[in-house]
1. Please work out which one of (1) within 17 Å of the chain's Cα centre (by Cα); (2) more than 30 Å from residue 94 (Cα to Cα); (3) part of a loop (DSSP other than H, G, I, E, B) is the condition residue 145 fails and give its number.
2. So in the stretch 154-163, with the set limited to residues that are modelled with pLDDT of 95 or more and assigned to a loop (DSSP other than H, G, I, E, B), which one is surrounded by the most Cβ atoms within 10 Å (Cβ to Cβ)?
3. Look through the stretch 72-82, keep the residues that are within 14 Å of residue 25 (Cα to Cα) and touching a residue at least 24 places away in the same chain (Cβ under 8 Å), and return whichever of them is farthest from the ligand (Cβ to nearest atom).
4. Would you tally the residues in the stretch 92-124 being under 16 Å from the mean Cα position of the chain (by Cα) and either in a helix (DSSP H, G or I) or exposed (fewer than 14 other Cβ atoms within 10 Å of the Cβ) (or both)?
5. For the stretch 64-71, does any single residue satisfy the condition of being in a helix (DSSP H, G or I), near the ligand (Cβ under 10 Å from one of its atoms), surrounded by 13 or more Cβ atoms within 10 Å (Cβ to Cβ) and more than 17 Å from the chain's Cα centre (by Cα)?
6. Count, please, the residues in the stretch 68-78 that happen to be under 16 Å from residue 93 (Cβ atoms) and out of contact with any helix residue (DSSP H, G or I) (no Cβ under 7 Å at 6 or more places or on another chain).
7. Would you pick out the residues in the stretch 48-60 that are part of a helix (DSSP H, G or I), within 7 Å of the ligand (Cβ to nearest atom) and touching a helix residue (DSSP H, G or I) at 6+ places or on another chain (Cβ under 8 Å)?
8. Just to check your reading of the model, which residue among 187, 171 is loosely packed, with under 15 Cβ neighbours inside 10 Å and not in a strand (DSSP E or B)?
Ligand code: AMP
């Protein structure tokens, strides 16, 4: 099962991707997590990506597309994967479709989590993320049990630098301009499934898994 998760920053992509990965045994591939891991390890890719990420801008396609397409060739992707944060613009979406078509393959579902901007801005102010596995938490009552360490992997839970309010507004603008058009692209391919991302987490997740008919 090959899934693309679409939606604004903070729409719940990471949360649902983590759960889908656990439940269906397929990898959760988050380009944001890959860039952040590179940044943490001081790799050349991380250093190049940093200035774009800090400003809430997209990292250029030259640094992003091959990275993802190579990742999809790894053996753990044979049964499928969940893409979170990729594709992020039309040229990335087209590159993905083309690379899959070369293998007679295609994305099965483009799951579009719909959340209005005012809800996003409120959510992002409280968002905290695990530095180990990327799990999401929120100060509005959804923090880890001990307040600081991830319930899943035990790593520290922090606020992301690019979740600062000014950067969130920039990321939202970039989302509407460059990423939102991808929803229409997948709709035209008959792949888009719209999910109300403001529903309680478990309810939204149930709508997602109902798409798979199992
Ligand atoms: P995310 O964790 O998905 O919100 O991504 C954090 C940041 O990483 C974004 O604001 C971008 O700077 C960068 N990024 C993540 N995925 C992509 C992508 N597919 N294309 C370009 N930049 C990306």
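1. So residue 145 meets the others, but not (1).
2. 155
3. So the residue we want is 79.
4. Qualifying residue count, the stretch 92-124: 6.
5. No: the stretch 64-71 contains no residue that is in a helix (DSSP H, G or I), near the ligand (Cβ under 10 Å from one of its atoms), surrounded by 13 or more Cβ atoms within 10 Å (Cβ to Cβ) and more than 17 Å from the chain's Cα centre (by Cα).
6. Matching residues across the stretch 68-78 total 1.
7. Those that are part of a helix (DSSP H, G or I), within 7 Å of the ligand (Cβ to nearest atom) and touching a helix residue (DSSP H, G or I) at 6+ places or on another chain (Cβ under 8 Å): 49, 53.
8. 187
The values are calculated or read from the model by the stated rules, or taken from the named source; none is laboratory data. If you're wondering where the values come from, they're calculated on a predicted model, not measured in any experiment. Using ideal geometry, Cβ is built from the backbone for each residue, glycine included, and neighbour counts are taken over all protein chains shown.
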